[in-house]
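The values are calculated or read from the model by the stated rules, or taken from the named source; none is laboratory data. The structure presented is a predicted model; accordingly, all values stated were derived computationally and were not measured. Every residue, glycine as well, gets a Cβ built from its backbone with ideal geometry; the counts of neighbours run over all protein chains shown.
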Amino acid sequence: MPVSEARISPLDRGFIFGDGIYEVIPAYGGKLFRLDEHLRRLANNLTAVKMKPPLATEAWKQVLNEIVLRNLPIHGSEQSIYLQVTRGVAERDHGFPDSHVEPTLFIMSTPLKALPESIAREGVAAITHEDIRWKNCHIKCTSLLGNILLRQQAYDEHAVEAILIRDGEVTEGAASNLFALIDGILITPPKGPLLLPGITRDLILELAQQHNIPSCEAFITPAQLKDAEEIWLTSSTKEILPVTTLDGVAVRNGKPGKVWQQMTQHYQQYKQQLRNA
Ligand SMILES: Cc1ncc(COP(=O)(O)O)c(C=O)c1O
């Protein structure tokens, strides 16, 4: 149905508490990208917050593929699928509702916007900021107030993202994972409760291995970040953004780096294989 016709109760715990889990899955050539990985993360997250899965894996696949198909005439073959599961509609109480309360499921398709060409020429600006979020950042939950405030802070400073620092270590972006090229090695912080296990992050580590780009998972300090040869931000919809200005200072020559160019080619080839499959 058109989104204008969709109705959700104001007592939905997603609305009242932000008590929900979500995913964002791109589709290229009408095919969902890394669907198994997204569904595995979704299942892990629902378990982590003790929420009933509204669908089994095969049913998820059917529904999501059908949404992409039905939206082909409206949005074309490159779509972004947003899905959200909340703990359902119940009288307001912090504790969980009775077990008969069914989860609410909302799924929508929007056209996937092509990234501006200026990114490959100029890159983007980012700021660093203390990570003000809670300590379960591995859960992709709809309570995103910390992330929202951090992203807005970046916008207010004419940057596109805030790179977060907690206890002397760089964690991730407000809505992205982080990579830094340090002494020729592509480094991303290890998974754990302080960052989201990004689907794009994992794919980039896979591609690095396949194409012999030295890479590893290791902690990064703010001083190492400041000195990095390249800095990238990764996410499903923005892919790999080269950060060319950090806190108002150029990253090396202030242009997207060579390794970013290589990785972007590999990433685009990987997408193309899905379209052709
Ligand atoms: C906090 C955070 N970290 C990382 C990511 C990147 O995850 P993915 O590559 O699965 O889109 C996102 C995505 O929106 C995010 O919100």
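Considering only the range 51-68, I want to know if a residue exists there that is within 14 Å of THR142 (Cβ to Cβ) and touching a residue at least 40 places away in the same chain (Cβ under 8 Å).
Looking through the range 51-68, at least one residue is within 14 Å of THR142 (Cβ to Cβ) and touching a residue at least 40 places away in the same chain (Cβ under 8 Å).
When the range 129-161 is examined, which residues are found to be within 13 Å of the ligand (Cβ to nearest atom), under 25 Å from THR244 (Cα atoms) and of a type in the set (S, T, N, Q)?
Result: ASN147, single match.
Within the range 162-182, track down each residue that is more than 13 Å from the ligand (Cβ to nearest atom), touching a residue at least 12 places away in the same chain (Cβ under 8 Å) and either within 16 Å of GLU239 (Cα to Cα) or among the acidic types (Asp, Glu) (or both).
Matches in the range 162-182: GLU169, ALA180.
Give just the number: which of (1) more than 19 Å from the chain's Cα centre (by Cα); (2) over 22 Å from ARG41 (Cβ atoms); (3) surrounded by fewer than 21 Cβ atoms within 10 Å (Cβ to Cβ) does GLU230 not satisfy?
Among (1) more than 19 Å from the chain's Cα centre (by Cα); (2) over 22 Å from ARG41 (Cβ atoms); (3) surrounded by fewer than 21 Cβ atoms within 10 Å (Cβ to Cβ), GLU230 violates only (3).
Being among the polar types (S, T, N, Q) and modelled with pLDDT under 95 narrows it down to one of SER99, SER143, SER109, SER118, so name that one.
Answer to the check: SER99.
Looking only at the range 189-232, which residues are farther than 22 Å from ALA250 by Cβ, within 16 Å of the ligand (Cβ to nearest atom) and β-branched (Val, Ile, Thr)?
Passing the criteria: ILE199, THR200, ILE204.
Within the range 38-51, can one find any residue that is surrounded by 14 or more Cβ atoms within 10 Å (Cβ to Cβ) and either more than 23 Å from the chain's Cα centre (by Cα) or among the charged types (D, E, K, R) (or both)?
Scanning the range 38-51, I find at least one residue that is surrounded by 14 or more Cβ atoms within 10 Å (Cβ to Cβ) and either more than 23 Å from the chain's Cα centre (by Cα) or among the charged types (D, E, K, R) (or both), so the answer is yes.
Hey, among GLU102, GLU78, which residue is more than 30 Å from GLY192 (Cβ to Cβ) and within 16 Å of the ligand (Cβ to nearest atom)?
Unique residue meeting the criteria: GLU78.
Would you check if ARG201 is of a type in the set (D, E, K, R), part of a helix (DSSP H, G or I) and surrounded by 17 or more Cβ atoms within 10 Å (Cβ to Cβ)?
yes
Answer yes or no as to whether ILE220 is within 21 Å of the chain's Cα centre (by Cα) and either part of a loop (DSSP other than H, G, I, E, B) or more than 30 Å from GLY29 (Cβ to Cβ) (or both).
In short, yes.
Anything in the range 143-165 that is surrounded by fewer than 17 Cβ atoms within 10 Å (Cβ to Cβ), over 23 Å from GLU23 (Cα atoms) and within 19 Å of the chain's Cα centre (by Cα)? List them, or say none.
Listed by number, the residues that qualify are GLN153, TYR155.
Can you say whether LYS238 is within 17 Å of GLU117 (Cα to Cα) and among the basic types (Lys, Arg), as far as the supplied structure shows?
Taking the combined requirement at face value, the residue satisfies it.
Mind checking which residues of the range 8-37 are crowded, with 17+ Cβ neighbours inside 10 Å and either in the same structural domain as HIS138 (by TED's automatic domain parsing) or more than 22 Å from GLY198 (Cα to Cα) (or both)?
Passing the criteria: ASP12, ARG13, GLY14, ILE16.
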